[in-house]
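Since the structure comes first, as structure tokens, the remarks are kept for the end.
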Amino acid sequence: MVEKASTTLQRKVAVIGCGIIGLTTALTAQRAGFDVTIYTKDLLPRTRSVRANGSWTPDSRISLTAPAGPDFADLWERMARISWATYRDYLGLPGNPVEFIEHFVLSDRPFNTPHEENPDGRTGDYASTGMPQHGTEFARYSDRIKDIVPAPEELHPSENPFAAPYAKRNTLMLYNFASYGHLLMSEFFQAGGHVVIREFHDPSELTSLPEKVIINCPGYAARDWWNDKSLIPVRGQTAWLPPRPDLPYGLHYQGASAVSKTDGLMVQAYDLNNEGEMGSVGNSFEHPDRSESERAIKVLADLFARSPLSEG
Ligand SMILES: Cc1cc2nc3c(=O)[nH]c(=O)nc-3n(C[C@H](O)[C@H](O)[C@H](O)COP(=O)(O)OP(=O)(O)OC[C@H]3O[C@@H](n4cnc5c(N)ncnc54)[C@H](O)[C@@H]3O)c2cc1C
């Protein structure tokens, strides 16, 4: 987007939205020499972005293969490589805005057993229903960058400290939003950026802005106010427990995950009903469901209750 903006003769850019995408775009535009104003309903701490897990997972449901088209894979790879290189600069800073953590995927079955999705009677596909119906419709690009991203390795039973028979370990780049968001906002203001709190209701309102180059980053809200029905909601249920700096890792097991972040232990219920990737796709319900979080916490509590780790 910033490359496109650079082809104009304009030096002033408006960015709509101050979620992680709007703020990152604004900083990228500043580094390219633009004078940037962010127009937004809410600042970063009140956006959907800070409720995310915060793992560097650049192809996770980024698009569907067919509507994205064949050229998108090359563009995605270029963006992913730039992103990886850029965020390495934020490692090792006070407050750990970005860090690497160990992450374990645990299973009761061998990893090469095919995952049996419960498709819940879904038929057709995106082309026929306007909504993806199977996990196989999502584009997978991660093989393109396997030369730079640490590969997962399966643990030998003698190395596996968990009470699940199969375990894989990998290293994840992770964002701690409290310090990361604070750092990005500080960088933006230090580089002369401006923020205007404003809510837009119709695309025609953008013509009233003084900037002629506008980069639109309103996130999922674009589905309504920009009428972009190609945006598909994916629900996630998260809960935050007190921080556990003594357990600096993350894990997935039986549809529940936990990741230890500087501002809390984040527990996510992502597939408790074994619906595979499709369970939350198309679900725009944003209210917290405490019972779902309690189920996820119970999965993990049961795991640790029978774990050799709990005895030590
Ligand atoms: C449970 C969960 C876990 C996730 N985990 C990950 C993960 O590990 N890794 C990952 O990469 N992604 C993850 N995601 C996805 C990630 O959260 C989103 O892709 C990302 O936050 C989108 O950021 P955004 O800046 O586009 O949108 P938002 O954060 O929604 O920000 C939109 C901005 O636009 C503004 N805005 C909206 N409408 C208007 C309007 N009408 N007028 C003015 N301003 C407006 C808002 O105020 C806000 O500032 C996860 C999502 C969920 C739900």
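Which value in nm describes the separation of the simple spin-label points at Tyr249 and Asp263, placed 7 Å from the Cα toward the beta carbon?
Distance between label points: 2.6 nm.
Which shape class, rounded, prolate or oblate, goes with the range 1-47 when its Cα gyration tensor gives a ≥ b ≥ c as root eigenvalues, a/c under 1.5 marks rounded, and past that a/b bigger than b/c marks prolate?
prolate
Can you sort Arg140, Arg11, Arg235 by solvent-accessible area, 1.4 Å probe, largest first?
Arg140, Arg11, Arg235
May I ask you to rank Ile197, Ile148, Ile215 by accessible area, largest first, using a 1.4 Å probe over the protein chains only?
My answer, sorted largest first, is Ile197, Ile148, Ile215.
Among all the lysines, which ones have a C-alpha under 25 Å from Lys12's C-alpha, if same-chain residues fewer than 8 places away are not counted?
Of all the lysines, those that pass the test against Lys12 - Cα under 25 Å, at least 8 places apart if same chain - are Lys4, Lys41, Lys212.
Got a number for carbon plus sulfur as a percent of the range 202-312's accessible area, 1.4 Å probe?
54
Relative contact order of the chain: what whole-number percent is it, with Cα pairs under 8 angstrom and at least 6 residues apart?
24
Roll a 1.4 Å probe over the protein heavy atoms and report the accessible area of Arg122 in Å², nearest 10.
So the heavy atoms of Arg122 present about 60 Å² to solvent.
Of all the accessible heavy-atom surface of the range 1-97, with the other protein chains kept in place and a 1.4 Å probe, what percent is carbon and sulfur?
Carbon-and-sulfur percentage of accessible area, whole number: 58.
Calculate, in nm to one decimal, what Ile214 and Thr171 gain on full extension: separation in residues at 0.36 nm each, minus their alpha carbon distance. Before the final figure, lay out the partial values.
On the way: separation 43, 0.36 × 43 = 15.48 nm, distance 3.68 nm.
Separation in residues times 0.36 nm, less the Cα-Cα distance, equals 11.8 nm.
Using a Gaussian network for the chain with springs between C-alpha atoms less than 10 Å apart, which of these wobbles most: Ser230, Ser179, Ser260?
Taking springs between Cα atoms under 10 Å, the residue moving most is Ser230.
Starting from the 7 Å offset along Cα-to-Cβ, what nm value, one decimal, do you get for the label separation of Ile148 and Asp289?
So the label points at Ile148 and Asp289 sit 3.7 nm apart.
Solvent-accessible area per residue for the range 187-295 at a 1.4 Å probe radius, Å²?
Normalised by residue count, the accessible surface of the range 187-295 is 55 Å².
Could you give the length gained on full extension between Ser158 and Arg48, defined as 0.36 nm per residue of separation minus the Cα-Cα distance, in nm?
Using 0.36 nm per residue and subtracting the Cα-Cα distance, I get 35.5 nm.
Given the options Asn216, Asn112, Asn273, which has the most mean-square fluctuation in a GNM of the chain, springs set between C-alpha atoms less than 10 angstrom apart?
Answer for the Gaussian network model of the chain: Asn112.
Quote the charge dipole size of the chain about the Cα centre in Debye, to the nearest 20; the model charges only the Cβ of Lys and Arg (+1) and of Asp and Glu (-1).
Result for the chain is approximately 720 debye, rounded to the nearest 20.
If you count only protein heavy atoms and use a 1.4 Å probe, how large is the accessible surface of Leu23, to the nearest 10 Å²?
Looks like 0 Å² after rounding.
Determine the per residue accessible area of the range 2-55 with all protein chains present and a 1.4 angstrom probe, expressed in square angstrom.
Working: 2630 Å² over 54 residues.
Heavy-atom SASA per residue in the range 2-55 reads 49 Å².
Helices from the chain with mean Kyte-Doolittle at least 0.5 and a Cα length along the axis of 15 Å or more, per DSSP H: which?
Result, helices passing both filters: 20-31.
If you count only protein heavy atoms and use a 1.4 Å probe, how large is the accessible surface of Ser83, to the nearest 10 Å²?
Spelled out: Ser83, probe radius 1.4 Å, area about 30 Å².
Identify, among Ser142, Leu183, Ala163, the residue whose Cα sits farthest towards the positive end of the charge dipole of the range 111-192, taking +1 on the Cβ of Lys and Arg and -1 on the Cβ of Asp and Glu, with the dipole about the Cα centre.
Of Ser142, Leu183, Ala163, it is Leu183.
Hey, what number do you get for the chain at 222 nm if only DSSP H runs of n ≥ 4 count, each worth -39500 (n - 2.57), divided across all residues, to the nearest 500?
-7000 deg cm²/dmol
Quick check: the distance between the Cα centres of the range 194-210 and the range 1-60, to the nearest angstrom?
That distance is 15 Å.
Kindly provide the Kirkwood hydrodynamic radius of the range 187-312 in Å, to one decimal, from all pairs of distinct alpha carbon atoms.
18.2
The values are calculated or read from the model by the stated rules, or taken from the named source; none is laboratory data. Note that this is a predicted model, so its numbers are computed, not measured. A quick note on method: Cβ atoms are made from the backbone with ideal geometry, for glycine too, and the neighbour counts reach across all protein chains shown. We work out accessible area using only protein heavy atoms, side chains counted, and drop any ligands, DNA or RNA first. Shrake-Rupley method; radii C 1.70, N 1.55, O 1.52, S 1.80 Å.
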